[in-house]
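The values are calculated or read from the model by the stated rules, or taken from the named source; none is laboratory data. Computed from a prediction, not measured in an experiment: that's the story for all the values here. Glycine also receives a Cβ, built like all others from the backbone with ideal geometry; neighbour counts cover every protein chain displayed.
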Amino acid sequence: MFFRRHVEKELGRQIVNCRPAVWRFALSLSGRPDIADDLAQATYLRALERVHQWRQDGRLEAWLLTICRSIWLNELRAQSIRQAGCLAAAEAGRFAMGMADTETNIFASEVYAKVMELPEAQRATVELVYVEQFTYREAASILDVPIGTIMSRLATARAALRHLNDAEWPKAKGKRT
Amino acid sequence: MSYSDDTIRAYLRSELPDVLRGRIEADLETDPELERRIVALDDLAPVIAGTFRQLPTPAHMAGLNAAEPAEAGALPRKRVAGGFVVGLVAAFFAGWSLPDRRDGWRMAVADYQALYTPATVAHLDRDHEAVAADLRRAAAAVGLTVLRAPALEGYRLRRVQILGHGGDALIQMVLVGDDGIPLALCLMQGDDGRHGAARLAGLSSFGWGDGAYQFLLIGDIAQNRLNQLAAQLQSSGWTA
């Protein structure tokens with residue numbers, strides 16, 4: 001009993017630590033920060049209710065993001081489309097980027113805008129592989145698609161974002177986070 | 001098979017013949033080292049990661065630590081709701097005690113209940129004995145000797161939880177209708193006299209009290225129907 005309590009408490013701490021990744025993934029799915037807020041909140045709640053299903057040998061983030069995607073597809077996506085008429089990508093000016101200087105902020109805003117213009121499936125794939133650094137296989141599992149689909153989506157996204165590749169990324173160019 | 005960096009860069013630029021591209025992608029399915037090299041040579045990855053990892057923290061995340069006091073009432077509703085839910089996550093693992101950070105327990109309940117959908121409760125299937133045991137624990141938490149299952153036609157009690165608000169126990173009973181729509185019947189010790197119907201967080205609610213305990217029935221159904229159910233509960237003699 002005490003051991004289980006300890007494990008649950010530790011899991012709770014880890015879930016809280018995962019919240020930026022959950023929110024970014026929610027944003028990549030929904031394309032809108034306000035909906036991402038709701039989706040992330042629903043994900044935490046569902047994780048709380050299903051904590052007994054968590055397998056400790058897996059990556060916690062992957063479990064949370066799988067829940068997030070499930071809620072999005074089954075509960076919130078249709079509702080969001082009904083409300084908005086369509087799923088418009090988040091406007092670039094929605095965020096004031098948190099970079100140190102103006103030049104970097106402008107570039108980051110452009111990157112953000114271009115990524116958010118991608119179709120939902122490509123956006124989510126790019127977020128999982130490039131930002132959260134999941135392997136292709138892990139991303140395929142979270143999105144419930146074959147690994148070949150991940151490669152195909154990345155290739156299409158790369159083509160759409162090619163000009164960003166050639167741009168100069170102030171100070172951070174070439175650095176891996 | 002080993003590929004040169006130039007070949008991998010050409011793959012990333014979609015400049016390879018289909019046959020060679022297909023071979024790389026077939027190898028990728030079983031070769032994690034090849035995947036690592038592709039990711040390492042992909043100049044787009046750090047650009048996108050650098051942008052998205054530095055997105056400003058959403059407002060609701062700023063108040064997510066359950067232990068942090070917050071200026072209740074001054075916060076936008078959505079932010080409060082977010083703080084409540086993640087605070088609830090933390091509180092769940094820490095022993096179901098929530099800080100008093102809300103403008104009333106009814107609003108806290110409403111924000112929580114607003115996140116419930118039929119899918120949230122579809123998997124809840126505790127048997128009669130388990131629910132009876134939950135009721136006994138809940139009764140003890142609020143100083144009652146007995147807490148009976150509420151009887152509402154067309155609704156079944158699916159779960160009983162001991163939550164907390166302002167340091168006091170808050171009992172939540174989840175009732176699921178034949179249509180799958182969940183209602184929450186909540187109770188706390190005390191009675192602040194704020195009774196009657198109210199629209200909370202977009203949900204219909206009806207509150208009442210008996211001087212010693214206060215109750216709230218809430219859910220995403222028509223207000224008239226909810227009022228009838230609340231009246232049915234009171235007239236049936238159900239009491240804490």
### Task
Evaluate the stretch B:168-188: report whether one residue or more is under 22 Å from residue B:104 (Cα atoms) and not in a strand (DSSP E or B).
no
### Message
Going by what's in this entry, would residue A:130 be described as at the interface with chain B (Cβ under 9 Å from one of its Cβ atoms), closer than 15 Å to residue B:49 by Cβ and modelled with pLDDT of 90 or more?
### Response
yes
### Task
Return a yes/no flag: does the stretch B:29-45 have any residue that is assigned to a loop (DSSP other than H, G, I, E, B) and either modelled with pLDDT under 50 or within 14 Å of the chain's Cα centre (by Cα) (or both).
no
### Task
Residue by residue through the stretch B:139-159, note down the ones that are among the charged types (D, E, K, R) and surrounded by 16 or more Cβ atoms within 10 Å (Cβ to Cβ).
B:158, B:159
### Query
So which residues in the stretch B:3-35 are of a type outside the set (A, V, I, L, M), more than 9 Å from chain A (Cβ to nearest Cβ) and within 19 Å of residue A:140 (Cβ to Cβ), if there are any at all?
B:22, B:27, B:30, B:31, B:33
### Query
Is there a residue in the stretch A:135-150 that is modelled with pLDDT of 90 or more, over 17 Å from the mean Cα position of the chain (by Cα), farther than 20 Å from residue B:37 by Cβ and in a loop (DSSP other than H, G, I, E, B)?
yes
### Message
Just the residues that are touching a helix residue (DSSP H, G or I) at 6+ places or on another chain (Cβ under 9 Å) and closer than 21 Å to residue B:182 by Cβ, please, taken from the stretch B:132-150.
### Response
B:147, B:148, B:149, B:150
### Query
If a residue has to be of a type outside the set (A, V, I, L, M, F, W, C), part of a loop (DSSP other than H, G, I, E, B) and within 19 Å of residue B:118 (Cβ to Cβ) to count, how many in the stretch B:204-240 make the cut?
1
## Note on the structure
Subset of the stretch A:138-166, residues within 8 Å of chain B (Cβ to nearest Cβ) and either buried (at least 16 other Cβ atoms within 10 Å of the Cβ) or in contact with an Asp or Glu (Cβ under 8 Å, 6 or more places away or on another chain) (or both), comes to A:147, A:148, A:151, A:155, A:158, A:161, A:164, A:165
